[in-house]
Amino acid sequence: MRFLQLYNYEIAIFLAMVGLYIVVSSGNLVKKIAGLSMFQISVFILYISMGVVEGGTVPILIEGVQRYSNPLPHVLILTAIVVGVATTAVALSLVIRINEAYGTAEEDEIHEQDESF
Amino acid sequence: MLSVLANDLPALQVVVPLVSAPLCLILARWPRIVWLLCLAASWTSLAIAIELLDQVLSGGTISYAMGGWAAPWGIEYRIDAVNAYVILIVTGIASVVMPYANQSVAKEIPADRVPLFYALLMLCLTGLLGMTITGDAFNVFVFLEISSLSMYGLISMGRDRRALTSAFQYLVMGTIGGTFILVGIGFLYVVTGTLNMADLAMRLPEVTQLRTLHTGFAFLVVGIGLKLAMFPLHLWLPNAYAYAPSTATAFIAATATKVAVYALLRFVFTVIGPVIAYQDLPFGEIAKVLAVLGLVTGSFVAIFQENVKRMLAYSSVAQIGYILLGIGLATVMGLTASMLHLFNHALIKGALFMAVGCLFYRTRSVRLDDLRGIGRKMPWSFGAFVIAGLSLIGVPLTAGFVSKWYLVQASLEVGQWPLAVLVLGGSLLAIIYIWRVVEIAWFGSPSTRAAEATEAPLGLLIPTWILVLANLYFGTHTGLTVGVANLAARTLAEGLR
Amino acid sequence: MLHHTVLRVVAKLLVPVILLFAFYVQFHGDYSPGGGFQAGVIFAAGIILYALIFGLDDTMQAVPPGVLKILSASGVLLYAGVGIETLLLGGNYLDYDFLAHEPTHGQHLGIFLVELGVGVTVASTMLLLYYAFAGREQGQ
């Protein structure tokens, strides 16, 4: 039953693998970005899972509550989310510029065009 | 007023470039003022870095509590001989590149994007300095992403459309690397409950046998390896260097990988500790094998490049191999060689890329065919390239010789003479690819582009020659570099054996 | 767009509420969950909703991109400025205790100003991102 108890870690690993697989296998640059975001998000889940304290509640001061989850991973992940948003924005804007310069966002077609000159 | 700030130099080291970045955007209407501001900011950073190094050398480690929160709880900036030395490299290169930027950027970047370029450059400097100065593991990740994101922007501003694809490629690999580092730091946090590096170093010995720790270390090495272009993870580097604007290439090539090497050293030696890294885990062997592979393949591939910037980029992969080799040896001598080569390679590659930028300024091309005969048209620019090239090869009396000398000695010291032979072999390959450029650019009959070229303006030549002369100076006056590098190496090696 | 009457009416009702909520999250952030990041994103979302329904041109007139660029930079400057102010007052960087005659008061003031800087930068950056992507087809 230990396998089921650690389900959030398994979800994180699964998402990370799916994300990495999309980055590697997909030829479309936008899909690559989607994969990359997924990979980053899996780490968010990993961190949030680390912060869980058994029987703890959300880390907001409430009267009569003794046990809270660890707020530090949440704070760290807030920063990582911002980094993720910035990365995605930069990546998407690069893809738009690539699409304007090459007329395509498919990796193999871009390679063909670069080889030819 | 200045005396009030005297104790706050560690904060100002990062804040000065950080503040100048948004100011660049606000002052965007006056590009000249933007440039002067960046110049002032980078020179101030250099002054702070020199003062910090001086304080560390005379008074030992400096600790600075951000926001007044004491060390294990708040973010601590912690400066010892190792990072004071790396900060000096980064700010030194920034101070030389910034005067060079004025004319080079005006020619290569569309006028409306110039302030943005400077803002990104300052953000990149902020990120690199922050990564180096901080004593908090998570802070490393944040500053790493600041520098990386600004680097993607800087690279994409190149004129060639391939700059866009190479920036994208770097973004994908860089983000994967950054996320790996994030996972690694998370694993360290989960076994210790702290993010402060000194605190981590204290608590990790209690949990050395945990697999979580070993996995976290592996994630960190792979993630940082991506950032420092360790051999099989270097694929982003050649294109990124080749198509970025000249100023950006000179700055990034001379600093970014160095800071990544520093991060690796910091995590291996200070945080994880050499006992786990070298004895429980085979980090030393892996580093040595990858270093040798990178050294040989990087140099070989460089020989066949038609684009001079790409050639120098592959040579960077090889040079990182030298640095990594010293780390893999895990002796004080090896680390001294690595620290020395951090400094010297920054000087060499900075000078080489700036010289190539001078050639590009006139010819609008860095293809070898187009540079045929350029040497006689632009003797000063090309002279700078040749002398820096000699330093890259490791000819005596140049800076490159000093670090290779130490590396060879370090290999012989532990009785691994094949490594010494490989180091010398790498230099032989460097002779081939540098000579190839010299032969074509000096002895070839001028191409159409070269025929029209005239010598580059003084605004580009003076900064380039400052770095070239620094190569010669530090090749003969080794007191400062070897002294500090040795002290830094001994600081790192405290936990060794 | 004239026929989307329902959307227009609902949006007109919703946008002010969203903006107000953003201000609540911003300024009540030191007592309850919230703060600059969240408030900035909510604020930007309100304006993006307006842009989706009433068109980009109208929005750009109300919230010009030039102003946003200055705002995004000045938010960072406000943040860094608070830090430098604490330095000048004799504390460490961002040590809010020194901002007022009494530490608790200083902490309040410090976190308020810093979060304001974060909020301004996040809101204007989000909007700039939206403009940059949405304005693409019309501009080019």
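Laboratory data are not the source of any read-out in this text; all were calculated from the coordinates shown. This is a predicted model, so every value here is computed, not measured. Ideal geometry is used to build each Cβ from the backbone, glycine not excepted, and the neighbour counts take in all protein chains shown.
Please figure out what share of the DSSP beta bridges in the protein assembly as shown is antiparallel and state it in percent, rounded to the nearest 5.
Of those bridges, close to 90 percent are antiparallel.
Quick one: divide the alpha-carbon radius of gyration of chain A by 2.2 N^0.38 Å and tell me what you get.
It is 1.47.
With an 8 Å Cα cut-off and a minimum separation of 6 or more residues, compute the relative contact order for chain A in percent.
It rounds to 23 percent for chain A.
Just to compare against my own numbers: the Cα pair-distance distribution for the stretch C:5-139, 5 Å bins, whole % per bin, please.
Reading upward from the zero bin: 2, 11, 17, 18, 17, 13, 9, 6, 4, 2, 1, 0.
Per residue of C:91-99, how many C-beta atoms from partner chains lie within 10 Å of its own C-beta, taken as a mean?
Mean number of neighbouring Cβ atoms from other chains: 5.
Can you tell me which of B:241-249, B:81-89 comes out highest on packing, and rank the rest after it, using the mean Cβ neighbours within 10 Å?
B:241-249, B:81-89
For the stretch B:341-363 and the stretch A:3-61, what is the separation of their Cα centres, given in Å?
42
As I understand it, the value is the acute angle between the Cα axis of helix B:458-476 and the longest principal axis of the Cα atoms of chain B; what does it come to in degrees, rounded to 10?
Once rounded, the angle reads 50 degrees.
Could I get the Rg over Rh figure for the stretch B:173-296? Both from C-alpha atoms, Rh via Kirkwood, rounded to two places.
1.01
Based only on other Cβ atoms within 10 Å, what is the fewest-to-most ordering of B:F283, C:F27?
Going from sparsest to densest Cβ surroundings: C:F27, B:F283.
What per residue convex hull volume, in Å³, comes out for chain B when only alpha-carbon positions are used?
Cα convex hull per residue, to the nearest whole number: 128 Å³.
If the limit is 31 Å between Cα atoms, which of B:K227/B:K309; A:K32/B:K404; A:K32/C:K69; C:K12/C:K69; B:K349/B:K377 go over it?
A:K32/B:K404
To the nearest whole number, what is the average tally of beta carbon atoms from other chains within 10 Å of the beta carbons of peptide C:29-39?
Mean shielding by partner chains, rounded to a whole number: 1.
Do the sum for the protein assembly as shown: with -39,500 (n - 2.57) for every DSSP H run of n ≥ 4, divided by all residues, what is the mean residue ellipticity at 222 nm, to the nearest 500 deg cm²/dmol?
-25500 deg cm²/dmol
Under 5 Å between amide hydrogens, which residues at least 5 positions from A:Y68 or on another chain qualify, with H placed 1.01 Å from N in the peptide plane?
Placed amide hydrogens put A:T57 under 5 Å from A:Y68.
Give the angle, between 0 and 90 degrees and rounded to the nearest 10, that separates the Cα long axis of helix B:308-329 from the longest principal axis of the Cα atoms of chain B.
Tilt of helix B:308-329: around 30 degrees.
Ranked by Cβ crowding within 10 angstrom, fewest neighbours first, how are C:Y50, B:Y433 ordered?
C:Y50, B:Y433
Compute the relative contact order of the stretch C:5-139 as a whole-number percentage, counting only Cα pairs closer than 8 Å that sit 6 or more residues apart in sequence.
29
May I ask for the net charge around B:S147, where only other residues with Cβ less than 15 Å from the Cβ of B:S147 are counted and Lys, Arg are +1 while Asp, Glu are -1?
Value of the local net charge: +1.
What is the mean projected area of the alpha carbon convex hull for the protein assembly as shown, to one decimal in square nanometres?
34.6
Considering every residue in C:80-89, what mean count of other chain Cβ atoms within 10 Å of its Cβ is obtained?
4
Calculate the length of the line joining the C-alpha centroid of the stretch B:11-38 to that of the stretch B:211-259, in whole Å.
Comparing the Cα centres of the stretch B:11-38 and the stretch B:211-259, I get a distance of 27 Å.
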